[in-house]
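The values are calculated or read from the model by the stated rules, or taken from the named source; none is laboratory data. Computed from a predicted structure; not experimentally measured. FYI the Cβ positions are ideal-geometry reconstructions off the backbone, even for glycines, and counts take in every protein chain you see. Calculation scope for accessible area: heavy atoms of the full protein, side chains included, ligands and nucleic acids excluded. Shrake-Rupley method; radii C 1.70, N 1.55, O 1.52, S 1.80 Å.
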Amino acid sequence: RWRGDIHSLYAGATPPHLGGLKSAIQNFNLRQDDFLAIINGMEMDVGPPIRAPQLSTLDLYCDRVASAVGRLSVRVFGIDGDAGVTLAHHLGRALQLTNILRDLDEDAAVGRLYLPSEALRDAGIFATEPEMVLTNPALARACAFVAEKARDHFQQADKILARCRRGNARAPSIMGEAYKLILDALERRGWTPPRHPVRVGRPQLLWILLR
């Protein structure tokens, strides 16, 4: 139904409940493929639980559930062209990989494990059952692999944001800085159970906004 609604929108037959979205599509030249990619990403999460995907599958997932959202958002922010697409690629992946590290236990509770199989194997972990992986003493090595990838993506995103007009870069910069704080806090906390939840405090967010 969602796909049908999107196809109808772009074919000129706007469903009554999507009039607002039609206006946004016209005002910001939003691409149909990005909406469909988001739906495809959601579909990945309603099938069999994702457990220790290959890096290529994880990257596709991140592209659909995060970078596709970014590709729509950068057009709203006014960051067009290759810079916007590349920013969405890197910042979307940085945010999603940080989410994966933050939500390890929450995901495991519903049978999901997004840590890539390559990272687990490099750490000497060959199980894919979430509970077994998250209690393995070598978990920190696998998480460090993902954290390093997230930081690489943050660095690439920062380079692009530094070249953007300040007003256009404000929203993605705030998101990036907030998520870097989450990643910092996760690494300070470590990966040994029990893993207490990590959140960004209001004073930290206010400081980011003021900066």
- Message: Suppose only helical runs count, i.e. DSSP H with n ≥ 4. What mean residue ellipticity at 222 nm does that imply for the chain under -39500 (n - 2.57) per run, divided by all residues and rounded to the nearest 500 deg cm²/dmol?
- Response: -22000 deg cm²/dmol
- Query: Which whole-number percent of Cα pairs in the chain have a distance greater than 21 Å?
  - Reply: 58 percent
- Query: Considering only Ser117, Leu161, Met132, whose Cα is most displaced toward the positive end of the charge dipole of the stretch 113-211, charges sitting on Cβ of Lys, Arg (+1) and Asp, Glu (-1)?
  - Reply: Leu161
- Tell me, what % of the accessible area of the chain is carbon and sulfur with a 1.4 angstrom probe? 54 percent
- Virtual paramagnetic centre 7 Å along Cα→Cβ of Ile50, amide N under 19 Å, in the stretch 167-191: 183
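Quick check on packing: order 71-77, 204-210, 142-148 by the mean number of other C-beta atoms within 10 Å, highest mean leading. The partial results should precede the final answer.
On the way: 71-77: 20.4, 204-210: 12.3, 142-148: 18.7.
Answer by packing, highest mean first, reads 71-77, 142-148, 204-210.
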- Query: Roughly how many debye, to the nearest 20, is the charge dipole of the chain about its Cα centre, given +1 on each Lys and Arg Cβ, -1 on each Asp and Glu Cβ, and no other charges?
  - Reply: 780 debye
- Given backbone amide H placed at 1.01 Å from N, residues whose amide H is under 5 Å from that of Leu113, ignoring those fewer than 5 places away on the same chain, are Ile50, Arg51, Ala52
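Which net charge results for the neighbourhood of Leu104, defined as the other residues with beta-carbon distances under 12 angstrom from its beta-carbon, given Lys and Arg at +1 and Asp and Glu at -1? Walk me through the numbers before you get to the answer.
Numbers: positive: Arg102, Arg112, Arg189, Arg195; negative: Asp103, Asp105, Glu106, Asp107, Glu131.
It works out to a net charge of -1.
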- Using a 1.4 Å probe, what is the accessible area per residue for the chain, in Å²? 55 Å²
- Task: Can you give me the span-like helices of the chain, meaning DSSP H runs with 20 Å or more of Cα extent along the axis and Kyte-Doolittle mean at or above 0.0?
- Result: 32-46, 81-102
